[in-house]
Each structure stands twice: as C-alpha cells, then as structure tokens.
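Q: The structure is given below, and queries will be raised subsequently.
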Amino acid sequence: MYVLIQFYLAPTKVFDVCNCCVMREHQSLEETLFRSGKKAIDDECGSTTALIKNRLQKGGLRLRRWLIALLVFLLMSLLIINSYYTGPFRIIRFGAMTKSNTPDVLTQEYVSLSPTVYTPIGSGGFLVRNKGCRLPAMDPFDPETRHFITKESFECEYGKYLPLIESNNTALFINPLVSNEFYNISCCWRSFWRTKNNDNAVTYDKQCYPFQNSTAVNAEFVKVECSRNNKVIYKDYYVFLPRKPLVEERCKQALSKNKFLEDRLSILVLGIDSVSRMNFHRMMPKTVKLLHSLGAVEMLGYTKVADNTYPNLVPLLSGLNQDELRKLCWQNAKKTFDECPLLWKNFSAAGYRTIFGEDAYTMTTFNYLKPGFREEPTDYYLRPYFLGAERDIGNTRKLNANLCIGTRKTFDCILDYSRKVVTEFSSELYFAFIWQASLTHDYFAYPQLGDDSYHDFIEYVSQKDLLNHTVLIVMSDHGLRWGEFRQTYQGKIEDSLPFVFIVLPRWWREKFPLAWGNLRRNSHSLTTPFDLHETLKDLLSPHVLRESFLKRRIRTQASSPIPRGISWFLPVPDIRTCDMAHIANHWCMCHTSNSVAWNDTGLQDSVSFLIRELNDMLSNYPLCATLNLKLIKDAKVWLDNTDDAKLMDYTVTIQTTPGDAIFEGTVRYKVDDNSRKLVGSVSRLNAYGTQSACVDEFNMRLYCYCL
C-alpha cells in the first residue's frame, strides 16, 4: 500500500505520512483506514495530509476517483484478510480434520514452546474405524488438557557449562571451547567393565592412562579424571563400540551360511518411555514433522496390552505375554532372564551385531525389582556405563531418575551412544534396542525438552545416509500412567495409546510394494506389541515379503483363525477386536462408555469386589495395611461393539485409606451367573513414593501401604 501512495507523492512526504500513521502505539495504518477512511488520515497526519489533498485536486477528477477506488479496494482486502486469518482458529473437537497452524486459544506457554501444531489424522474423526474397533481421533489441545501444557526447563546441578572432555567413535579429546577455563590440570582415563555375572556392579582398572590433547581409546567403557595439585577436580564417563573379535567371527560365519543377505535391513529402535501418541504430537512436534517428512508410517491404532514398561516390552521382544514368559523361562523372582527367547537372540544367530541400552539404571526393564541378566544379553550392553556414571556423577534427580550425568542431560548421553552405534555399524547389520526413560517417565510436559535433541539425531542420521539400509522405529510403551492428567478422561485414553513410527528406505519400499502397502493400510488398524514382534521377525527374513510369497501367506491367514500377533506386512483383519488382539478391556479404547450413578447397585458391588481383590493380593505381605474405601472418584460402564447386555465392564476410580492411594480397575460383571472378575491389572494413578518400600515384589509396590 505504501508503494502505491509513493507513486503520487514525493519520497520525503511519503515517508512522513508513513511515520505519522504508524507512530501510534496501538494502531496500524490498516486499522486507521478501516475505522475512519480517508478522514482518519486527515485527523492523524494534519498538515501533511493537506498536502496530499492539494495534489489530488490538481490531479483532477480522474485521479480522485482512482484513489477512492483504491481505498475501497484496501478496505475490502482488510475484510477478506481478517476473515482468512481468523477462520483457521475454529477447530473441531474429537478429530475433525483441520489445516490450522495454531489451535484455538492456546496457552501462552505452548505458543512459545513450538511453532508447529498437531493435526488430527483419521477417517471421519476416527483413528481406527472398522467392524471390530473404533478409536476416536481426540484433540490433544482439548480444554481439559490445556492447563497441563506448560513450558518446562531445568539445569543440571553440576552447572550448564560445556564438558571439558568430548569423544568420537575412537578417541577422547579436550574440548577446545572450554580448554582455557581449565589450567594447570592433568587428565587420565581408566577403563571399567561389567563385573562378571553381575548386572549391578562394575569393576575399574587400577591403571589410569594420562593424556594431554587427545588419545585413542580401545576400551568400551571409560572414566576420565582430571586433577590439579593432586586433587581431582573433574570427572566424566564415556562409552565406545570397539570391535570384538568373537562377535565379528560369529557374524562372519552366520552370514556365510545365509543366501538372503541382499534385502536385509539393520534395526534401530528408539524408545521414549511413558509418552502417548497425542503427547508425542503435543510435546515433540519438530520430531513428528521430521518423521513424516521421511515417509514414516504412524501406527494410529497402536494399543498397549498391559500396565507398565515390562509387560509391554516382553511381548515386543519375545512374542509372549508376561505370564507365558514367567512359565517358560522366569519361574521365580530370583532367576535371571538369560534363558528367555528375547528377539536379539534371533538377530545374533542371523549374523547381526546386537545392542541393548537403557538409561535410568534403577528402573530399567529387566532390573527394576528384578534380577536382570547373569551374562551380558547382547554384544554391546550399555548398563555398565549408566551404573558407573549415574552412581558417581548422576545429579538433578527428580522422582525416579537422574536427569543429568555431570553437566550433560542423561537422555543426550543415550542419544550420543545411538549416534555412535549408527555411525560405527553403518555398513554392517545390527539390531539396536535403545530405550530412554530418564526425561519422560515422570512428567507430562518434560518430553518437550527432548524435541530438539531427537529431531537433530534423526536429521543427522538421515542426512548422512545412515538409514539407507536401516529401519528406524521410534516408539513408546504407554502414556503417562499416574498423576493429575492421568485422572482425566483424556488421560485414561492416552495411557492406552502410545506411538509407533516406522521409517523404511525408499529402495526397500519400491522393492516390496505389497508389504509396504499393507503396512500403510494397517496404520489405521488396531495393533499391539505382539504385532510389532512379528513385524521385526519378518524383517529378519525378507524373502517372506516378496510378492509371490506374501500372497500365499495372505491366503493362508484368510483361511485360519486370527492370530494374536500379525505382522504389519500382512493385512490386519477389519473384524479384529481387542479380545482377538489380547488387549484386556481395561486397556481397550474401542468401547463406548456410559456414566454410572453412585448409588447403582452394580457399581457398589463392583467397588466392593475391587477392594476385596486388592486386599487378597496384599494378604501375603504382612507388612502391608488392609485397604478401605475412602471415596469413589469416577465410574463408567463399558459396552463392546456387540452391545452384549449379558456382559458389563465397570471401570472405577477409587481412593483408599490408609495412604490416599488412587486406583483404577475394571470389573467384569456377568449377568448369567452374577459373577465378577478383574479385567487386566489395577492401575495406580498417583505416586506412591516410599509408602511401599517394605515390599520387594515389583507389582505389590503399586498397592502396598507399609504399616
């Protein structure tokens, strides 16, 4: 608009008009024109505007009419622009499609948190919409959730300074950016290793090897100490992936016997604990956007099959549920998991290098109130690193995890290890299962603090062509399981619906079009960790995904009973229900629910049954108090898609005394025989801290209140 005016005015006067009209603190030129037309210019700009009038009069009637037409055009443009920019803020709840760049009435915290916003994906407002299941595409920015969306930050207790020592895949070196801050010091490194047959101890080398600017390292785990005047003033921990002769020989022999090497892919699983699909979109939008740009398939109907991490990763890693695994290879709580048929054993036998890494060593999958492994379960096992580092320089502990190791964020340490894995084995086959819990396990809004790091890692490995022969799986195990958000209706939904993204190389998609097409269609199916297990097994044997072979498998599946686990490269039947997928009704979100009156007899009987079940479980633990009902906080009755009135599932949320624990359980009532039973496990919705420290059994920690 300024350019058009300048065509008729001397440049200096145009500049005066522009300055005059924009100097008001709260009004733009467009607002002035919209409010008062040409008269507003006279009022605002005084003598300068008079000059414009004189020149317009001299220009004649034609020029005056032209300028009036221009003003009318600008007013109409303002109206159109105003309509265009306010329209997208009208977002429809529960999954209506929108192309908005900003959700309506967002909290200021989230506006400053991220420039991108979740877009619901679904069919007619549903993530899954078929005969066996319907999952609504709920809005993650629903008003019920907004006050939980806050901008978070934290600093390591050891400070926010850059580390003195850095590492690459083969060496340690002084960080030149901070070397001037450390003077008159001497540094050395010593190796350490996992103590034999002990998953909870490390042994340090007595010898510490001095170095100055840099040094090559041939050890897997390294501790660095720097001293001044014989006093240690700096400590840090590092991990490497040195080639192991026995591993290399095993891989060489296994690959020499296999004729299906051409199409095999390495496997990189990046797990992010306790993040629902919706909270992943909410809190890590940059990572989500990058994954979609890489052609990732997002499994919209992925549903957990049990409460916490262990019983959801056991099906993924073994194809068994936790009870089946216990009977097969973990018959008592003191026995280790070495004999269990975990998936990395399949890949090891096929010539893959295997890697297993988890941070937050006190609550890892096979070690939290469990014995872990006698021998290292994989070729490269990260637990000794976190044992040494967290015990020595772990800090900024909040609830269950150390958020920092020295001045580094703990989750950044495990991502740095992942970067070394992908770089070191870029031209060879590997199976890496990496699981991060330190940042995301305990706080609803903390995943936002990892968005940049995960985005940068994925961007790095993709730009460096490190995914050309690798399938990248970014996933979680469940949503946040306790806290105020979990006690909301949406929190319950999200707890059952974690996320899974799968990125496959472009050449692979083109070579296996039928498998790729099935995977994409299954993104709108009800799926589970049992299915992901079968999918990974198919990737181990790519010849079964060739079109002719795959068509035979599809025909065989169509004429057979629907299995518990279905590879995502095969079609998941539309009639699949939670029961078919072995998802207990307590976790199943394919139902519709109705509220229940507090005085409903069925509800009262179900609550009493739940209290009795809890006390029965605690009866073998004499140090635990008997629980009593304090109040009923919420109750719903769930109906499946067949509307079978003979079967009713009451999901109730109760508070008990002593301890004020909040539990959620589903009790199934059968009308025919007036019987009740628990469906799935009982969830603990608030933190229990040290209330249950008197018991060591990992399940009972949820329920016990120590006397």
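Q: Which residues, counting only those in the stretch 202-230, are within 37 Å of the chain's Cα centre (by Cα) and surrounded by fewer than 13 Cβ atoms within 10 Å (Cβ to Cβ)?
A: A216, N218
Q: Separate question: Could you tell me whether any residue of the stretch 341-357 is in contact with a strand residue (DSSP E or B) (Cβ under 9 Å, 6 or more places away or on another chain), surrounded by fewer than 18 Cβ atoms within 10 Å (Cβ to Cβ) and farther than 30 Å from D574 by Cβ?
A: So far as the stretch 341-357 goes, yes, one or more of its residues are in contact with a strand residue (DSSP E or B) (Cβ under 9 Å, 6 or more places away or on another chain), surrounded by fewer than 18 Cβ atoms within 10 Å (Cβ to Cβ) and farther than 30 Å from D574 by Cβ.
Q: Can you give me the number of residues within the stretch 436-470 that are of a type in the set (S, T, N, Q), in contact with an Asp or Glu (Cβ under 9 Å, 6 or more places away or on another chain) and assigned to a loop (DSSP other than H, G, I, E, B)?
A: The total comes to 2.
Q: One residue is enough: does the stretch 149-160 have a residue meeting the conditions under 30 Å from W638 (Cβ atoms), surrounded by 14 or more Cβ atoms within 10 Å (Cβ to Cβ) and in contact (Cβ under 8 Å) with a residue 12 or more places away in the chain?
A: Within the stretch 149-160, one or more residues are under 30 Å from W638 (Cβ atoms), surrounded by 14 or more Cβ atoms within 10 Å (Cβ to Cβ) and in contact (Cβ under 8 Å) with a residue 12 or more places away in the chain.
Q: Looking at (1) over 14 Å from the mean Cα position of the chain (by Cα); (2) more than 30 Å from S683 (Cα to Cα); (3) assigned to a helix (DSSP H, G or I); (4) of a type outside the set (V, I, T), can you tell me which one Q490 breaks?
A: Result: Q490 fails condition (2) only.
Q: Restricting the stretch 177-197 to residues that are within 35 Å of the chain's Cα centre (by Cα) and loosely packed, with under 13 Cβ neighbours inside 10 Å, which is modelled with the lowest pLDDT?
A: By that ranking, first place goes to L177.
Q: A further question on this structure: Which residues, counting only those in the stretch 674-688, are assigned to a strand (DSSP E or B), within 14 Å of H586 (Cα to Cα) and not charged (D, E, K, R)?
A: Within the stretch 674-688, L678, S683 meet the criteria.
Q: List the residue pairs whose Cβ atoms are under 6 Å apart, where the first residue sits in the stretch 223-246 and is farther than 17 Å from V202 by Cα, the second is not in a strand (DSSP E or B), and the two are 6 or more positions apart or on different chains.
A: C226/I185; R228/N184; R228/I185; Y234/L164; L241/K420; L241/E424; P242/N218; P242/E220
Q: A further question on this structure: Across the stretch 658-698, what is the total count of residues that are closer than 24 Å to F485 by Cβ and free of Cβ contacts under 8 Å to residues at least 40 places away in the same chain?
A: 5
Q: Continuing with the same structure: For the stretch 481-501, what are the residues that are crowded, with 23+ Cβ neighbours inside 10 Å and of a type in the set (A, V, I, L, M)?
A: L497, V500
Q: If I filter the stretch 231-252 down to residues being under 36 Å from the mean Cα position of the chain (by Cα) and among the charged types (D, E, K, R), which single residue comes out as surrounded by the most Cβ atoms within 10 Å (Cβ to Cβ)?
A: So the residue we want is D236.
Q: Output yes when any residue across the stretch 318-331 is touching a Leu at 6+ places or on another chain (Cβ under 6 Å) and in contact (Cβ under 8 Å) with a residue 12 or more places away in the chain, and no when none is.
A: So far as the stretch 318-331 goes, yes, one or more of its residues are touching a Leu at 6+ places or on another chain (Cβ under 6 Å) and in contact (Cβ under 8 Å) with a residue 12 or more places away in the chain.
Q: Consider V596 against the criteria (1) surrounded by 16 or more Cβ atoms within 10 Å (Cβ to Cβ); (2) under 27 Å from I267 (Cβ atoms); (3) free of Cβ contacts under 8 Å to residues at least 60 places away in the same chain: it satisfies all of them except one. Which criterion is unmet?
A: Condition not satisfied by V596: (2).
Q: Would the stretch 343-362 turn up any residue that is under 19 Å from N699 (Cβ atoms), in contact (Cβ under 8 Å) with a residue 12 or more places away in the chain and out of contact with any Leu (no Cβ under 6 Å at 6 or more places or on another chain)? Show your work before the answer.
A: Going through the stretch 343-362, the residues under 19 Å from N699 (Cβ atoms) turn out to be 362.
Add one more test, that the residue is in contact (Cβ under 8 Å) with a residue 12 or more places away in the chain, and what stays is 362.
Those left that are additionally out of contact with any Leu (no Cβ under 6 Å at 6 or more places or on another chain): 362.
Taking every residue of the stretch 343-362 in turn, at least one turns out to be under 19 Å from N699 (Cβ atoms), in contact (Cβ under 8 Å) with a residue 12 or more places away in the chain and out of contact with any Leu (no Cβ under 6 Å at 6 or more places or on another chain).
Q: How many residues does the stretch 359-404 hold that are out of contact with any helix residue (DSSP H, G or I) (no Cβ under 7 Å at 6 or more places or on another chain) and among the acidic types (D, E)?
A: 3
Q: Oh, and also: Is one or more of the residues making up the stretch 389-408 over 21 Å from the mean Cα position of the chain (by Cα), within 30 Å of E339 (Cα to Cα) and surrounded by 18 or more Cβ atoms within 10 Å (Cβ to Cβ)?
A: yes
Q: For the stretch 251-307, what are the residues that are of a type in the set (D, E, K, R) and in a helix (DSSP H, G or I)?
A: Scanning the stretch 251-307 gives K252, R277, R282, K286, K289.
Q: When you look at I473, is it surrounded by fewer than 18 Cβ atoms within 10 Å (Cβ to Cβ) and hydrophobic (A, V, I, L, M, F, W, C), yes or no?
A: Numbers: surrounded by fewer than 18 Cβ atoms within 10 Å (Cβ to Cβ): no; hydrophobic (A, V, I, L, M, F, W, C): yes.
No: the conditions fail for I473.
The values are calculated or read from the model by the stated rules, or taken from the named source; none is laboratory data. Predicted model, so just to flag it, every value in this text is computed and none were measured. Please note: Cβ atoms are built from the backbone with ideal geometry, for glycine as well, and neighbour counts cover all protein chains shown.
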